[in-house]
């Protein structure tokens, strides 16, 4: 059987972009990237990692890898995805490995050869498009950071692999006594004074927080029983329509912290009004259990097995 023709494969990958844009949790990522298997396009999954502070923790979100053989024409796919300024960048001193980045403004330098680039983001996912190799001929003396680069629209190139991972989020662990934890808890208590249990965390408890800038916008305390189960409570998510996926990023970090302590299950203890778009537990694969009973002011228990088998 021959390979799917290029137009058919580009159409499949264009549909992938739309699916990724609406995917939130690990289960939805797997469903979105499990491509229609056929000659010339195959998807697989590997374990992911999440940086929390200075540490790399195991992540419940896998890395999705889509192999393309034969390669897809890079310019055609960029056009289909609406990427207007694609740049090929190599971080490899031998220039054997190239990936696609999005061009930003030119950086100031005497020869106007430095450009700023950013990763390709689709929804809350970073998509790394890998090229078959260095194009033929002499390349212009352009660099992105310290890496050689060129305008992808000016050269032929083929994409041989796509890697999809959760977009980088700055996160940190601390104790409940940390100033950032105390400030976040105080903000939530001020926003929701009527909630019957309030927001608190003991001074020695483990607290995780998510930062889009210098101040955290989401956090929660987490404890581990040493028997394979972790429990997170007192979700703090500051409502801000400009900050997307803060609740999803918080779940990512809580799951990574639980996996790092050897837990295979995470229980979430909170109020039902945070188990909606703010903390989209159901879309992350959690099962909500009693004692909810439809009352928005009672505790909600949601849990999820953290060992994801994408097979």
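The values are calculated or read from the model by the stated rules, or taken from the named source; none is laboratory data. Being a predicted model, the structure only gives us computed values, none of them experimental. All Cβ positions, glycine included, derive from the backbone under ideal geometry; neighbour counts span all protein chains shown.
When only residues in the range 284-303 that are touching a helix residue (DSSP H, G or I) at 6+ places or on another chain (Cβ under 7 Å) and at pLDDT 85 or above count, which is surrounded by the most Cβ atoms within 10 Å (Cβ to Cβ)?
That would be 284.
Considering only the range 251-271, I want to know if a residue exists there that is modelled with pLDDT under 85 and touching a helix residue (DSSP H, G or I) at 6+ places or on another chain (Cβ under 8 Å).
Scanning the range 251-271 turns up no residue that is modelled with pLDDT under 85 and touching a helix residue (DSSP H, G or I) at 6+ places or on another chain (Cβ under 8 Å).
If residue 99 meets every condition in (1) over 27 Å from residue 7 (Cβ atoms); (2) surrounded by 13 or more Cβ atoms within 10 Å (Cβ to Cβ) apart from one, which number is that one?
Against the list (1) over 27 Å from residue 7 (Cβ atoms); (2) surrounded by 13 or more Cβ atoms within 10 Å (Cβ to Cβ), residue 99 comes up short only on (1).
Would you be able to say whether some residue in the range 125-144 is touching a strand residue (DSSP E or B) at 6+ places or on another chain (Cβ under 8 Å), touching a residue at least 60 places away in the same chain (Cβ under 8 Å), surrounded by 15 or more Cβ atoms within 10 Å (Cβ to Cβ) and farther than 18 Å from residue 92 by Cα?
yes
Suppose we filter 30, 42 for residues that are out of contact with any helix residue (DSSP H, G or I) (no Cβ under 6 Å at 6 or more places or on another chain) and exposed (fewer than 14 other Cβ atoms within 10 Å of the Cβ); which single one remains?
So the residue among 30, 42 that is out of contact with any helix residue (DSSP H, G or I) (no Cβ under 6 Å at 6 or more places or on another chain) and exposed (fewer than 14 other Cβ atoms within 10 Å of the Cβ) is 42.
Exactly one of these conditions fails for residue 279: (1) at pLDDT below 85; (2) crowded, with 21+ Cβ neighbours inside 10 Å; (3) part of a strand (DSSP E or B). Give me its number.
Residue 279 satisfies all of (1) at pLDDT below 85; (2) crowded, with 21+ Cβ neighbours inside 10 Å; (3) part of a strand (DSSP E or B) except (3).
Within the range 130-177, can you find the residues that are part of a strand (DSSP E or B) and under 21 Å from residue 105 (Cα atoms)?
Residues of the range 130-177 that are part of a strand (DSSP E or B), as a first pass: 130-131, 142-144, 147-151, 158-166, 170-175.
Selection gives 142, 143, 144, 147, 148, 149, 150, 151.
If I filter the range 194-201 for residues that are surrounded by fewer than 17 Cβ atoms within 10 Å (Cβ to Cβ), assigned to a loop (DSSP other than H, G, I, E, B), in contact (Cβ under 8 Å) with a residue 40 or more places away in the chain and not assigned by TED's automatic domain parsing to the domain that holds residue 279, do I get at least one hit?
No: the range 194-201 contains no residue that is surrounded by fewer than 17 Cβ atoms within 10 Å (Cβ to Cβ), assigned to a loop (DSSP other than H, G, I, E, B), in contact (Cβ under 8 Å) with a residue 40 or more places away in the chain and not assigned by TED's automatic domain parsing to the domain that holds residue 279.
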